[in-house]
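The values are calculated or read from the model by the stated rules, or taken from the named source; none is laboratory data. Worth saying up front: this structure is predicted, and the values here are computed from it rather than measured. A quick note on method: Cβ atoms are made from the backbone with ideal geometry, for glycine too, and the neighbour counts reach across all protein chains shown.
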Amino acid sequence: MKVYTKTGDGGTTSLIGGERVFKTDERVEAYGTVDELTAFTALLADRLRADASLAEYVDALNHILSRLMTVEALLARGEAGGEHLPQLAPDAVAWLEERIDAMQADLKPIDKFTIPGGNSAVSWCHVCRTVCRRAERAALRADQRYGVDAVVLTFLNRLSDYFYVLGRALTARLGVEETLWLP
């Protein structure tokens with residue numbers, strides 16, 4: 001099977017169900033941005049994989065990667081078809097919240113914004129956080145026009161919080177100095 005089909009050369013692509021749309025369609029932008037987030041999340045997991053003491057975070061990121069593929073599929077659903085797509089269960093959001101709460105319980109409370117950096121793993125968390133926020137905005141635009149599963153929107157919102165807290169947790173775990181924004 002060839003990788004290229006030439007069907008997109010005119011600026012269109014197919015959604016799940018066969019509907020042809022322009023590559024500028026809100027749904028394509030949304031699932032494309034989640035695809036970008038998936039790639040960055042995999043890079044973060046690969047960065048953490050080198051340190052066996054961070055295995056719990058790698059396992060969580062692998063779990064998240066699977067959920068992100070489901071989000072992509074749900075955002076790529078056309079007007080027809082896609083009835084047999086996997087669903088994103090509401091417990092996916094609860095799972096994120098449990099991990100956020102567990103990490104936050106071990107962190108010193110702060111009342112200022114953090115500045116990313118100090119370790120590449122921490123910086124990758126912030127890259128994931130910002131791409132996730134962009135994916136959420138794209139999904140919200142798709143929702144306004146076509147409707148998007150509410151669990152998908154909540155999951156993306158909570159996932160950006162997860163990446164922020166993961167960055168703080170890794171800052172503490174790796175002994176990196178946390179830099180707070182002092183305007």
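Give segment 78-136 a look and list any residue that's farther than 23 Å from Leu174 by Cα, at pLDDT below 95 and acidic (Asp, Glu), or say none.
Within segment 78-136, Glu79, Glu83 meet the criteria.
Starting from segment 170-183, take each residue that is closer than 10 Å to Pro116 by Cβ and list its partners that are of a type in the set (Ser, Thr, Tyr), counting only C-beta distances under 8 angstrom and pairs at least six apart or across chains.
As it stands, the answer is Thr171/Thr114; Thr179/Thr114, since those pairs meet every condition given.
Residue by residue through segment 28-48, note down the ones that are under 14 Å from Leu65 (Cβ atoms) and touching a Leu at 6+ places or on another chain (Cβ under 8 Å).
Selection gives Val34, Leu37, Thr38, Thr41, Ala42, Leu44, Ala45, Leu48.
Give me the pairs, please: first residue somewhere in segment 43-66 and under 13 Å from Cys125 (Cα atoms), second residue anywhere and of a type in the set (Phe, Trp, Tyr), beta-carbon distance under 7 Å, and either six or more positions apart or on two chains.
Between residues of segment 43-66 that are under 13 Å from Cys125 (Cα atoms) and residues that are of a type in the set (Phe, Trp, Tyr), the close pairs are Leu43/Trp124; Leu44/Trp124; Arg47/Trp124; Leu48/Tyr57.
Within segment 82-102, is there a residue that is in contact with a helix residue (DSSP H, G or I) (Cβ under 8 Å, 6 or more places away or on another chain), of a type in the set (S, T, N, Q), part of a loop (DSSP other than H, G, I, E, B) and within 26 Å of Ala39 (Cβ to Cβ)?
Yes: segment 82-102 contains one or more residues that are in contact with a helix residue (DSSP H, G or I) (Cβ under 8 Å, 6 or more places away or on another chain), of a type in the set (S, T, N, Q), part of a loop (DSSP other than H, G, I, E, B) and within 26 Å of Ala39 (Cβ to Cβ).
Go through segment 128-172 and give me each residue that's over 23 Å from Lys23 (Cβ atoms), surrounded by fewer than 19 Cβ atoms within 10 Å (Cβ to Cβ) and of a type in the set (A, V, I, L, M, F, W, C).
If the condition is that a residue be over 23 Å from Lys23 (Cβ atoms), surrounded by fewer than 19 Cβ atoms within 10 Å (Cβ to Cβ) and of a type in the set (A, V, I, L, M, F, W, C), then Ala150, Val151, Ala172 are the ones that fit.
Given the criteria modelled with pLDDT of 90 or more and among the acidic types (Asp, Glu), does Glu26 qualify? So that I can check it myself, show each step before the final result.
Working: modelled with pLDDT of 90 or more: yes; among the acidic types (Asp, Glu): yes.
It is true that Glu26 is modelled with pLDDT of 90 or more and among the acidic types (Asp, Glu).
Suppose we filter Val152, Val176, Val148 for residues that are assigned to a loop (DSSP other than H, G, I, E, B) and under 22 Å from Ala89 (Cα atoms); which single one remains? Give the derivation first.
Numbers: Val152 fails: assigned to a loop (DSSP other than H, G, I, E, B); Val176 fails: under 22 Å from Ala89 (Cα atoms).
Answer to the check: Val148.
So in segment 1-54, with the set limited to residues that are part of a loop (DSSP other than H, G, I, E, B) and basic (Lys, Arg), which one is surrounded by the fewest Cβ atoms within 10 Å (Cβ to Cβ)? I'd like the intermediate steps shown before the answer.
Just the residues of segment 1-54 that are part of a loop (DSSP other than H, G, I, E, B), to begin with: 1-11, 15, 17-19, 23-25, 50-51.
So of that shortlist, the ones also basic (Lys, Arg) come out as 2, 6, 23.
On the way: Lys2: 5, Lys6: 7, Lys23: 12.
Checked segment 1-54; the qualifying residue surrounded by the fewest Cβ atoms within 10 Å (Cβ to Cβ) is Lys2.
Condition check ((1) among the aliphatic types (A, V, I, L, M); (2) within 21 Å of Gly147 (Cβ to Cβ)) across all residues:
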| residue | (1), (2) |
| --- | --- |
| Phe22 | no, yes |
| Asp25 | no, yes |
| Ala39 | yes, no |
| Ala50 | yes, no |
| Ser53 | no, no |
| Leu61 | yes, no |
| Arg67 | no, yes |
| Leu85 | yes, yes |
| Asp91 | no, no |
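Is it true that some residue in segment 71-83 is charged (D, E, K, R) and touching a strand residue (DSSP E or B) at 6+ places or on another chain (Cβ under 8 Å)? Working first, answer last.
Residues of segment 71-83 that are charged (D, E, K, R), as a first pass: 72, 77, 79, 83.
With the extra rule that they be touching a strand residue (DSSP E or B) at 6+ places or on another chain (Cβ under 8 Å), the set shrinks to 77.
Looking for residues that are charged (D, E, K, R) and touching a strand residue (DSSP E or B) at 6+ places or on another chain (Cβ under 8 Å), one finds at least one in segment 71-83, hence yes.
If we keep just the residues of segment 71-99 that are within 18 Å of the chain's Cα centre (by Cα), of a type in the set (A, V, I, L, M, F, W, C) and exposed (fewer than 14 other Cβ atoms within 10 Å of the Cβ), which is nearest to Val21 (Cα to Cα)?
Ala89
Kindly evaluate Gly118 against the criterion of being small (Gly, Ala, Ser) and touching a residue at least 40 places away in the same chain (Cβ under 8 Å). Break it down into steps so the answer makes sense when it comes.
On the way: small (Gly, Ala, Ser): yes; touching a residue at least 40 places away in the same chain (Cβ under 8 Å): yes.
So Gly118 fits the description; yes.
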